[in-house]
1. Express in nm, to one decimal, how much length is gained between residue 153 and residue 108 on full extension, taking 0.36 nm for each residue of separation and deducting their alpha carbon distance.
2. Tell me, in nm to one decimal, what length is gained between residue 40 and residue 59 on full extension, where the rule is 0.36 nm per residue of separation less the Cα-Cα distance?
3. Pairwise over distinct Cα atoms, reciprocal of the mean inverse distance: report the Kirkwood radius of segment 72-170 in Å, one decimal place.
4. Pop a pseudo-label 7 angstrom from the Cα along the beta-carbon direction at both residue 25 and residue 91 and give the gap in nm to one decimal.
């Protein structure tokens, strides 16, 4: 049989002295979400920081391509030279024996047939527009190694070879 004089209270069961009359009071604060908001803001800031770093790392450096202002006559000549590259390569085939200016005129390949333009062959496969009406610069068509169209805005010195053209603007790569 159980002893009825021995009655256990909740405080005694939890290990508190039964002789004291004070009750143990525990304060429980309600969860108001303040810490959750802090963690969400920290997470958003971390995602934005990582994104900004990722964008700056993956950004390519911009290479400045010099721009050239061509008037309508020069734009037409650029188009004709682009077509002339294909026509000259078709006429010469895979031999690579480039024609001289007289042969280009006889083959009726524009722009070499224009009366208002004077062309000069600097070397085999390299043609320089010496003078033309309505143009402020000089064009060069170089078929050696890789076909390319070049433009120089200011007066040019006498050119004897097509290798050192560092001050010329390459136009066949501009889109």
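Each reported figure results from applying straightforward, stated rules to the coordinates on display, with no laboratory input. These numbers were taken from a predicted model, which means no experiment stands behind them. We place every Cβ from the backbone using ideal geometry, glycine too, and count neighbours over all the protein chains shown.
1. Gain on stretching residue 153 to residue 108: 13.5 nm.
2. Result for the pair: 4.0 nm of gain on full extension.
3. With all distinct Cα pairs of segment 72-170 included, I get 13.6 Å.
4. Label at residue 25, label at residue 91, 10.8 nm between them.
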